[in-house]
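The values are calculated or read from the model by the stated rules, or taken from the named source; none is laboratory data. It should be emphasised that the depicted structure is a prediction, and the values quoted were computed from it without experimental measurement. A quick note on method: Cβ atoms are made from the backbone with ideal geometry, for glycine too, and the neighbour counts reach across all protein chains shown. Side chains are part of the model used for accessible areas, which takes the heavy atoms of the whole protein and leaves out ligands, DNA and RNA. Shrake-Rupley method; radii C 1.70, N 1.55, O 1.52, S 1.80 Å.
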Amino acid sequence: MKSSHSIQLRVRYAETDAMGYLHHANHFVYFEMGRTELFRAMGGNYREMEAAGFFLVVVKLECRYHSPARYDDLLTLETTLTRVSAAKLEHEYELSRDGEVLTRANSVLACVDAQGRVTRLPDHLPGLG
């Protein structure tokens, strides 16, 4: 199963370092935005899922930086759900500017309950069944 979604992001001044580049840590914020919008595009709602007692936590996140982004660059983030298992979701990310890939990353999220114990993903999650 593969589902993808793209969003556009403009690098804000507060997201840059002293050299004017997008700070490396902010890529991870962008990836979270990508996951959230992909889930929303699939008909999901994190707020409702968490109210039902299911939480997604990042257990692995790897990132390769190929080229920097700068203040005011308009970027495209493509987020792809690449694998779903009983308690995990795996995503890939590609951040680009005008077709040039700047960053590639992947993550693994685990589903946990309110006590932090790993639990099965709910069967009713949109796009996962």
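Annotations
- Taking θ as phi - 60° and the Karplus parameters 6.51, -1.76 and 1.60, the scalar couplings of the stretch 74-86 work out to 9, 10, 10, 10, 9, 10, 10, 7, 9, 7, 10, 10, 4 Hz in sequence order, x denoting glycine and proline.
- Amide H contacts of Thr119 (H built 1.01 Å from N, under 5 Å, at least 5 apart or other chain): Cys111, Val112, Asp113
- Area of Arg10 that stays accessible when all protein chains are in place (1.4 Å probe, Å², to 10): 120 Å²
- Dipole magnitude of the chain about its Cα centre (Cβ charges: Lys, Arg +1; Asp, Glu -1), debye to nearest 20: 280 debye
- 5 angstrom amide H check on Arg83, placed H, neighbours 5+ away: Glu90
- When both the stretch 1-76 and the stretch 106-122 are represented by their alpha-carbon centers, they are found 19 Å apart.
- Phi angles across the stretch 41-46 convert, under the Karplus curve 6.51 cos²θ - 1.76 cosθ + 1.60 with θ = phi - 60°, into 3J(HN,Hα) values of 5, 7, x, x, 8, 4 Hz, Gly and Pro given as x.
- Where Val118, Val112 fall by accessible area, highest first, once all protein chains stay in place (1.4 Å): Val118, Val112
- Using θ = phi - 60° in the Karplus curve 6.51 cos²θ - 1.76 cosθ + 1.60, the 3J(HN,Hα) couplings for the stretch 18-35 round to 5, 8, x, 8, 4, 4, 4, 5, 6, 4, 5, 5, 4, 4, 5, 4, x, 4 Hz; x is entered for Gly and Pro.
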